[in-house]
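The values are calculated or read from the model by the stated rules, or taken from the named source; none is laboratory data. Remember, predicted model here, so these are calculated numbers, not experimental data. Because the Cβ atoms are built from the backbone with ideal geometry, glycine has one as well, and the counts that use them run over all protein chains shown. Calculation scope for accessible area: heavy atoms of the full protein, side chains included, ligands and nucleic acids excluded. Shrake-Rupley method; radii C 1.70, N 1.55, O 1.52, S 1.80 Å.
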Amino acid sequence: MSRRPKKAIEKGMMLRVLQIMWQHASHYPWTLIGLFTAVVLLILSQVLTPIFYKRLIDAAIVATSPTAEVVHGLLVILSSIAAIKGLAWISRRLRGVCMVRFESRVMADLAMTAFDRLMRHSHSFFTDNFAGTLVRRVNKFVGSFEAIADQIGFNLFPSLLIIAGSLYVLSQRDMLLGVTLSIGIGCFIVFNVIAGLWKQKYEVIRNDRDSEATGVIADAIGNASTIKLFSGHAFEVALFGKINNLLRKARVVAWSLHELVGAVQGLIMFSTEIGMLAVAIILWQKGILTVGDFVLIQLYLNAIYNRIDDFERVIRKLFESFADAGEMVEIMDTPLEITDAPNAEALAVSRGAISFNHVTFAFHKTRTVLTDFSLPIAAREKVALVGSSGAGKTTITRLLLRFHDIAGGAITIDGHDISKVTLESLWNAVALVPQEPVLFHRTLRENILYGRRDATDAEVIEAARRAHCHEFISSLPNGYETYVGECGVKLSGGERQRVAIARAILKNAPILVLDEATSSLDSESESLIQDALHELMREKTVIAIAHRLSTIREMDRIIVIDSGAIVAEGTHDVLLSQQGIYRKLWEIQAGNFIL
Ligand SMILES: Nc1ncnc2c1ncn2[C@@H]1O[C@H](COP(=O)(O)OP(=O)(O)OP(=O)(O)O)[C@@H](O)[C@H]1O
Ligand SMILES: [Mg+2]
């Protein structure tokens, strides 16, 4: 599993996250304008309200007796307050409506982009990354947009406006008030930014630990039966316990820092309030401020404190969301390992001749599988690859499908280099029945239909008949509409394989790659599969990794592979007559069942 280096999210990545989010958000300019207007109006009303409260109190105090004139004056101020409150109410509704539309749409778009990009990655990418971790990254990425939009739209932006508005109004009353408040808020913000940056790396560690713990759970779930069969429960619990403990420690550090930061913030806020009131008393003494100004100051301080009280949480949440999104953006920005060459053309298979020319391939430096491997296969020829486990048979077939790129040599189909044709046309030309077929958690019909999605129901049934799975499918209560369970777990190995064969029959590609499962099937399954394969191989170029006697006998040529090299080739009878690996393998695999 590829892990992110344990460091705080870099500025570059944060900008990249913002860039991607903005790309998606900017598709909805009107909703954005609506949102912006709503927030500005809402904050404007919140800045205006205290001014009218101050006027109300001053008017009431100045009046010596409640004359009709005074009451009228008070009612006028009251109606202004009502109008402003009404404006606030409307702005809030507008903000709500816009936010719902904006966030839901952008989140849906981001999910589509992430899914599309993720599924373009290569075969090795998916073998190197846990499914659970990837699923989580997609979800976190989409969720992080909601969090970032919420923090900016409901917190950061309104906070900035309310601070600016309060500072303006208070400075108008007296510069000293503005200066005192600026100092208090300045200290608060500077402290928060420094503390936020300092804490960030601990948040990322916590996040990483969280992902690791999830990965362990997903891996264990995927291997639930193996764990039971190998009495691994205690071992797995201990393994999970270890990572869970690391996660707990990471949480303790991150959350304790949060508490510490909160304590310092509280001190700054409390000192600012006392400072402001002290200044107000001095100015009141000098006759510059009125009693109403005390109310004005208190209301502004309350409004600002309500906003910035959890400023630290907002910043933390923002960084957390950026870190969450960064995990997925990193995957989205990872160059695709296998892509179409520039100006790649579609592969047109006329005959289906395959050639491996001096192919060299290594998984990594220390794992060379093929060195100077050459194998020409004529059109419609049926070739069996045999060899001991780990010899490189599956790898050879994967190279033909360009699941990995080769380091040297070339692989051609009808003379076209497979690295120079479009991947889609290459995959269309080859049908693969893998060693261990995995099925979608969809109905049997949908699984077979995947071979050619525009096939009719009659064609699906015909393919199923020829693959000998129609019998067992018809016996199921829901027939073709039966759900097969995640990865096809509700079917037996032989049934799964026959469904995969039906899918390949429906696809009807000119080249067929067959990776026979080694697991022994009962003789009825074996003969059903044999019949199915016989059907499938007709009129096609076939590379079969063959274990079964019957498959091997049907082949034109048998290639014996050992450590990624061809050590012998010929027909079954010829190879058997030699005292080579083939004979040895044969004796072991067929249990000396030599005809
Ligand atoms: N993703 C991978 N990364 C690194 N090494 C790999 C990877 N996949 C396979 N290998 C190694 O490459 C070698 C060839 O593997 P391959 O799957 O082709 O063997 P095989 O002949 O198909 O064996 P079997 O009969 O057991 O299916 C093995 O040594 C295997 O460990
Ligand atoms: Mg294999």
Ranking Cys187, Cys98 from most to least accessible area with a 1.4 Å probe gives Cys187, Cys98
Can you check what the Kirkwood hydrodynamic radius comes to for the chain, Cα pairs only, in Å to one decimal? 30.1
A correct Karplus calculation of ³J(HN,Hα) over the stretch 550-555, with 6.51 cos²θ - 1.76 cosθ + 1.60, θ = phi - 60°, whole Hz and x for Gly and Pro, returns 5, 5, 4, 5, 7, 7
How far is helix 68-118 tilted off the main Cα axis of the chain, in degrees rounded to 10, range 0 to 90? 10
Please report the accessible area of Arg465 (heavy atoms, 1.4 Å probe, ligands and nucleic acids excluded) in Å², nearest 10. 120
Angle check, please: helix 311-333 long axis (alpha carbons) against the longest principal axis of the chain (alpha carbons), in degrees 0 to 90, nearest 10. 20
Could you compute how much accessible surface His72 exposes when probed at 1.4 Å, giving the result in Å² to the nearest 10? 120
I need the shape label for the stretch 336-449. Rule: rounded when a/c is under 1.5, else prolate if a/b > b/c, else oblate, with a, b, c from the alpha carbon gyration tensor. rounded
Accessible surface, per residue, of the stretch 377-454 when the full set of protein chains is kept, probe 1.4 Å, Å²: 42
Determine the share of the chain's accessible area contributed by carbon and sulfur atoms, expressed in whole percent, with a 1.4 angstrom probe. 61
Contact order normalised by residue count of the chain, Cα under 8 Å, 6+ apart, percent: 14
Compute log10 of I(q)/I(0) for the stretch 11-333 with the Debye formula, placing one identical point scatterer on every Cα and leaving out solvent, at q = 0.07, 0.13 Å⁻¹, to two decimals. -0.43, -1.06
Considering only Cα-Cα distances, which of the following residue pairs are longer than 24 Å: Lys382/Lys507; Lys11/Lys365; Lys365/Lys584; Lys140/Lys317; Lys85/Lys317? Lys11/Lys365; Lys365/Lys584; Lys85/Lys317
Which value, in Å² rounded to 10, gives the accessible area of Asp454 with a 1.4 Å probe and all protein chains present? 120
Going by Cα centres, the stretch 543-563 and the stretch 308-374 are how many Å apart? 33
Ile183 to Glu69: extension gain in nm, 0.36 nm per residue of separation minus the Cα-Cα distance? 36.9 nm
Within the chain, which is the longest segment containing none of the GluC sites (Glu not before Pro) that sit in a DSSP loop and have at most 16 other Cβ atoms within 10 Å? 11-336
Please turn the phi angles of the stretch 236-247 into ³J(HN,Hα) values with the Karplus equation 6.51 cos²θ - 1.76 cosθ + 1.60 (θ = phi - 60°), one per residue in order, whole Hz, x for glycine and proline. 5, 4, 5, 4, 5, x, 5, 6, 5, 5, 4, 5
Net charge within 13 Å of Asp417 by Cβ-Cβ distance, Lys/Arg positive one each and Asp/Glu negative one each, not counting Asp417 itself? -2
Determine ³J(HN,Hα), in whole Hz, for all residues of the stretch 140-149 in sequence, where each value follows from phi through the Karplus function 6.51 cos²θ - 1.76 cosθ + 1.60 and θ = phi - 60°; x replaces Gly and Pro. 5, 4, 5, x, 5, 5, 4, 5, 5, 5
For the stretch 143-217: rounded, prolate or oblate by the Cα gyration tensor [a/c cutoff 1.5]: oblate
Quick check: with the 1.4 Å probe, what order do Tyr300, Tyr450, Tyr305 take by accessible area, largest first? Tyr450, Tyr305, Tyr300
Of Met14, Met555, ordered by accessible area with the largest first and a 1.4 Å probe, the sequence is Met14, Met555
Amide H to amide H under 5 Å from Ala431: which residues, 5+ apart in sequence or cross-chain, H placed 1.01 Å off N in plane? Ala509, Ile511, Leu512, Val513
Per residue, accessible area of the stretch 11-333 with a 1.4 Å probe, heavy atoms of protein chains only, in Å², comes to 51
Note on the stretch 199-328: alpha-carbon gyration tensor, axes a ≥ b ≥ c; rule is a/c under 1.5 for rounded, else prolate if a/b larger than b/c, else oblate; result prolate
